[in-house]
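J.: Questions regarding the structure given below will be posed in turn.
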């Protein structure tokens, strides 16, 4: 069913009105997800209808509550995701909610893609779920799963992002060393900046430690 037409459909002789259409996108490939995932909407027991166009459709929602949360789970190749939406603010002719899915460490990346993998832990060695790992000089970032494991893919390296060193092509954005840092939204401190040496098209694994002092 086209997303640019009014979402009204006649099912079993009853007219229904579309309230929310969830469109999922693989943030690595830009394509639809590799498999089917579980899509739920808070404050309702309504199950979505999966359309031929790849949308998860929720029909005839109550006006209250105005805000609902789209919750995505069910495929270990992606991290769980959520998106809060105000249903009344959506275009009634095009009530589409876009939700990007972040690849997990289990994702089958292309073999030529440079990957920085690892684990984020607290000072006591406990995994730090939802920690965000950033790399200097690049736009890519990663988020830790429940085991503290993360992956950052670098698929779009340009000629200025790689230097020759001892016969290897090493990732160095702008000629500077690649540096990894982990942060968490509920904690004061970040991990110590960690220099990362990884060859173009290769992989590296590291551990980042974040002080688990809770932000007041």
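J.: Between residue 27 and residue 132, what is the spin-label point distance in nm, taking each point 7 Å from the Cα along the Cα→C-beta axis?
T.: Each label point is offset 7 Å from its Cα along the Cβ direction, giving 0.9 nm.
J.: Right, something else. Between 86, 25, 183, where does the largest GNM mean-square fluctuation fall for the chain, given springs only between Cα atoms within less than 10 Å?
T.: 86
J.: Now for a separate question. What residue among 15, 114, 134 shows peak mean-square fluctuation when the chain is described by a Gaussian network model with Cα springs under 10 Å?
T.: 15
J.: What is the distance, in nm, between label points placed 7 Å from the Cα along the Cα-to-Cβ direction at residue 17 and at residue 207?
T.: Once both label points are built, they end up 5.7 nm from each other.
J.: Roughly how compact is region 97-216, stated as its Cα Rg over 2.2 N^0.38 Å to two decimals?
T.: Expressed relative to 2.2 N^0.38 Å, the Cα Rg reads 1.08.
J.: From zero outward in steps of 10 Å, how is the percent of C-alpha pairs of the chain spread across the bins?
T.: The percentages, shortest bin first, are 8, 28, 27, 21, 13, 4, 1, 0.
J.: Subtract the Cα-Cα distance of residue 63 and residue 82 from 0.36 nm times their separation in residues, and report this length gain in nm to one decimal.
T.: Taking residue 63 through residue 82 to full extension adds about 4.8 nm, to one decimal.
J.: How are the C-alpha pair distances of region 19-134 spread across 10 Å bins, as whole percents from the shortest bin up?
T.: Over region 19-134, the share of Cα pairs per 10 Å bin runs 12, 39, 28, 16, 5, 0 percent.
J.: Rank 87, 151, 120 by mean-square fluctuation in a GNM of the chain with C-alpha springs under 10 angstrom and give only the top-ranked residue.
T.: 87
No lab work stands behind these numbers, since they all come straight from the coordinates. Everything quoted here is computed from the prediction, not taken from an experiment. Neighbour counts run over all protein chains shown; Cβ positions are idealised from the backbone, glycine included.
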